[in-house]
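The next block holds one structure in the form of structure tokens; read it before the comments.
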Amino acid sequence: MRLGVLDVGSNTVHLLVVDAHRGAEPTPQHSSKSQLRLAENLDAHGHLSDAGADALVKAAVIARDEADELGCGELLGFATSAVRDAQNSSKVLKRVWKEAGVRLSVLSGEDEARLTFLAVRRWFGWSAGNLISLDIGGGSLELAAGQDEDPQTAVSVPLGAGRLTREWFGDDPPSKPEIAKLRDHVDDVLARPARQLLRGGLPDRVVATSKTFRTLARLAGAAPSSEGPRAVRMLTRQGLTQVQAFISRMASQDLAELDGVSVGRAHQVLAGSIVAAGAMDALDVEQLELCPWALREGVILRRLDRFDSD
């Protein structure tokens with residue numbers, strides 16, 4: 001069957017179309033993105049602005065049309081932290097359904113962590129043993145751990161790269177005191193989740209997903225995207241330290257010129273690196289292995305698992 005998945009995140013709205021059936025690897029057929037930065041369209045009262053809602057409806061209409069043209073039998077729409085945090089999310093979701101014909105489900109942070117963990121488990125298989133997965137988004141950080149397909153522990157904390165950039169950095173590049181304060185904050189927030197994740201024992205493999213981790217790994221010398229999803233990509237703590245040393249002194253417009261850094265996310269790479277380093281320190285790990293599958297693939301896999309029961 002052909003499935004469309006519409007991922008409404010804090011930074012982008014991403015349509016992924018795959019051909020898939022239960023027991024087979026989902027095969028991507030189409031991918032398109034709109035960079036809306038919805039989280040930056042939340043006002044002082046936590047409401048998504050009219051401009052932000054208008055942009056979301058327009059993106060959903062375009063995605064719906066693309067999915068129809070490509071023959072998708074179903075379009076799975078979901079939203080994460082930006083819409084989840086919006087005080088007027090119900091009103092916005094009704095507009096998207098009425099005007100675009102797309103029904104969006106708002107995932108909880110724990111659901112995000114669980115679905116991402118499922119994708120990581122399926123990619124690496126049972127031989128990966130006791131897994132920990134990490135996913136840095138625009139608004140939150142999702143962490144999960146376990147030996148099965150459903151994690152024993154799944155946690156979401158408000159340590160998204162975009163959120164932290166907005167809330168903690170005033171300068172571009174940030175000042176040393178700003179960076180130091182954010183590092184302390186990240187360490188404080190991660191202390192308890194790290195203990196929860198390690199209750200099941202030391203991990204056999206710690207895996208990172210998401211654009212932020214891919215960007216950091218590329219800056220540290222990992223294989224470029226042109227080498228395909230099956231190229232082994234690692235991010236070491238030492239490599240991350242070296243990356244932080246030079247990106248902390250660069251303005252976002254200069255960062256955007258580096259290989260692997262997108263213009264739309266350049267301003268939040270440093271905050272993302274601080275979260276990544278904080279997570280590695282809290283878990284006492286020296287390297288992360290990157291997984292090309294993440295939340296979208298987890299949503300697809302869960303849908304396929306339930307297909308026979310529909």
Point to revise | C-alpha center-to-center spacing [segment 219-253, segment 68-112] in angstrom | key: 32 Å
Exercise for review: Would you list which lysines come within 23 Å of Lys94, measuring only between C-alpha atoms, while excluding same-chain residues fewer than 8 positions from it?
Suggested key: Lys33, Lys58
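Kindly report the accessible area of segment 237-310 per residue (heavy atoms of protein chains, probe 1.4 Å, no ligands, DNA or RNA), in Å². All intermediate terms of the calculation are to be shown ahead of the outcome.
Numbers: 3210 Å² over 74 residues.
Solvent-accessible surface per residue comes out at 43 Å².
At a Förster radius of 25 Å, what calculated FRET efficiency corresponds to the Cβ-Cβ distance of Asp254 and Arg2, to the nearest 0.05?
Details: r = 42 Å, r/R0 = 1.66.
Plugging the Cβ-Cβ distance into 1/(1 + (r/R0)^6) gives 0.05.
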Exercise for review: Taking a cut-off of 19 Å between Cα atoms, list the aspartates and glutamates near Lys91, but don't count ones fewer than 8 places away on the same chain.
Suggested key: Asp7, Glu40, Asp43, Asp50, Asp54, Glu99
Practice item. Once you have the Cα-Cα distance between Arg230 and Glu286, take 0.36 nm times their residue separation minus that, and quote the gain in nm to one decimal. Key: 18.0 nm
Exercise for review: Under a cut-off of 12 Å between alpha-carbon atoms, report the aspartates and glutamates in cross-link reach of Lys211, not counting same-chain residues fewer than 8 places apart.
Suggested key: Asp135
Study note, to complete from the structure: Once phi for every residue in segment 15-31 is put through the Karplus expression 6.51 cos²θ - 1.76 cosθ + 1.60 (θ = phi - 60°), the whole-Hz ³J(HN,Hα) values, with Gly and Pro written as x, are 9, 10, 10, 10, 9, 7, 8, 4, x, 10, 6, x, 9, x, 10, 7, 8
Point to revise | ³J(HN,Hα), Karplus 6.51/-1.76/1.60, whole Hz, each residue of segment 273-278, x for Gly, Pro | key: 5, 5, 5, 4, 5, x
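Where does the chain land on Rg/Rh, using Cα atoms and the Kirkwood Rh? Please list the in-between numbers first.
Working: Rg = 18.7 Å, Rh = 19.7 Å.
Reported Rg/Rh, Kirkwood definition of Rh: 0.95.
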Point to revise | Cα→Cβ-extended label distance, 7 Å offset, between Asp171 and Ser90, nm | key: 4.5 nm
Exercise for review: Calculate one ³J(HN,Hα) per residue across segment 64-76 by plugging θ = phi - 60° into the Karplus curve 6.51 cos²θ - 1.76 cosθ + 1.60, and present them in order as whole Hz with x for glycine and proline.
Suggested key: 4, 5, 5, 4, 5, 4, 8, x, 5, x, 7, 10, 8
**Study point:** DSSP bridge pairs, the chain: antiparallel proportion in percent, nearest 5
**Key:** 65 percent
Check your understanding: What is the distance, in nm, between label points placed 7 Å from the Cα along the Cα-to-Cβ direction at Ala191 and at Arg306?
Key -> 3.9 nm
Review point. How much length, in nm to one decimal, is gained on full extension between Arg122 and Ala44, taken as 0.36 nm per residue of separation minus their Cα-Cα distance?
Key: 24.0 nm
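First compute the accessible area of the chain with a 1.4 Å probe, then give the percent of it belonging to carbon and sulfur atoms.
About 46 percent, which is the carbon plus sulfur part of the accessible surface.
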**Study point:** Farthest positive-ward along the chain dipole, Cα basis, beta-carbon charges - from His47, Phe213, Leu182
**Key:** His47
Exercise for review: Whole number in Å², please: accessible area per residue of segment 1-100, 1.4 Å probe, ligands, DNA and RNA not counted.
Suggested key: 48 Å²
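The values are calculated or read from the model by the stated rules, or taken from the named source; none is laboratory data. Worth saying up front: this structure is predicted, and the values here are computed from it rather than measured. Virtual Cβ from ideal backbone geometry, glycine too; neighbours counted across all protein chains shown. Note: areas computed on protein heavy atoms with side chains; ligands, DNA, RNA excluded. Shrake-Rupley method; radii C 1.70, N 1.55, O 1.52, S 1.80 Å.
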